[in-house]
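Please read the structure below before turning to the comments.
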Amino acid sequence: MGEKGISQAVIRRMPRYYRYLGELLDSGVERISSNDLSHRMKVTASQIRQDLNNFGGFGQQGYGYNVKYLHDEIGKILGLNQRHNMIVIGAGNLGQSLANYEKFERLGFVITAMFDVREELRGTKIRGIEIHMLDALEDYCTKNQVDIAALTMPKERADAIANRLVKLGIHAIWNFAHVDLDLVDEDVVVENVHLSDSLMSLSYNIANKQKIRENKI
């Protein structure tokens, strides 16, 4: 539960609301009812109203929701009205893919530096973002504001690097290493992204659909 007792399930739906509302804005839609929004999102209108009421509601009886206003307000709830400086630890394929994804910057997440241990990468740049050696991490974080660190390294080193980051005052970690971090500071915010878990869920759903089709034959 969050500070106001808001469940993580609600919080994880907020980015979906933001994304769908952004698509509505791009389509020129000015207002929408909870019923219409529910059809697009495959979430009940009641659930949408309950979710948004956690943060103040934002709707008007008989009018629905002003799309731009709701989009802006959800952006504020998600902290997207602020700039978040981010570094990437690990400049392999995944780390470089993150650096090349320009949409992060439009959401306020700006990758300012990358770090790796491979000497041949020293000083090279990915979309203008310089790759530093890992032994320069402390010096960089001391001289620059870093809000978030993304870990795209082998899991064997993830815990040590994560605790090293925490000691440097970084309290938000986007963890792509295939391991649950064992941190010395419980106040650190960690978002784990296990790509293989997502693929396994997809595999289950494929197999389940296949069983259903076979049973219908």
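The values are calculated or read from the model by the stated rules, or taken from the named source; none is laboratory data. Keep in mind the model is a prediction, meaning the values are calculated, not measured. Virtual Cβ from ideal backbone geometry, glycine too; neighbours counted across all protein chains shown. Each accessible area value is taken on the protein alone, full model and side chains, heavy atoms only, with ligands, DNA and RNA left out. Shrake-Rupley method; radii C 1.70, N 1.55, O 1.52, S 1.80 Å.
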Selected residue (only one of ARG157, ARG118, ARG127, ARG122 is under 18 Å from ILE170 (Cβ atoms), of a type in the set (Lys, Arg) and open to solvent by 60 Å² or more (accessible area, probe 1.4 Å)): ARG157
May I ask you to verify whether SER27 is without any contact (Cβ under 8 Å) to a residue 24 or more places away in the chain, over 22 Å from PHE176 (Cα atoms) and open to solvent by less than 60 Å² (accessible area, probe 1.4 Å)? no
Where LEU70 falls short, out of the listed (1) open to solvent by less than 10 Å² (accessible area, probe 1.4 Å); (2) within 18 Å of the chain's Cα centre (by Cα); (3) not β-branched (Val, Ile, Thr): (2)
When you look at PHE115, is it of a type outside the set (Val, Ile, Thr) and either part of a helix (DSSP H, G or I) or over 26 Å from HIS194 (Cβ atoms) (or both), yes or no? no
Give the residues of segment 151-189 that are of a type in the set (Gly, Ala, Ser) and within 19 Å of ASP135 (Cα to Cα), sorted by residue number. ALA158, ALA160, ALA162, GLY169
Kindly list the number of the only condition in (1) among the polar types (S, T, N, Q); (2) closer than 30 Å to LEU151 by Cβ; (3) without any contact (Cβ under 8 Å) to a residue 40 or more places away in the chain; (4) touching a strand residue (DSSP E or B) at 6+ places or on another chain (Cβ under 9 Å) that fails for ASN93. (4)
Are any residues in segment 130-146 touching a His at 6+ places or on another chain (Cβ under 8 Å) and either modelled with pLDDT under 95 or open to solvent by 40 Å² or more (accessible area, probe 1.4 Å) (or both), and if so, which ones? none
For segment 37-76, enumerate the residues that are of a type in the set (Gly, Ala, Ser), in a helix (DSSP H, G or I) and over 24 Å from GLY108 (Cα atoms). SER38, ALA45, SER46
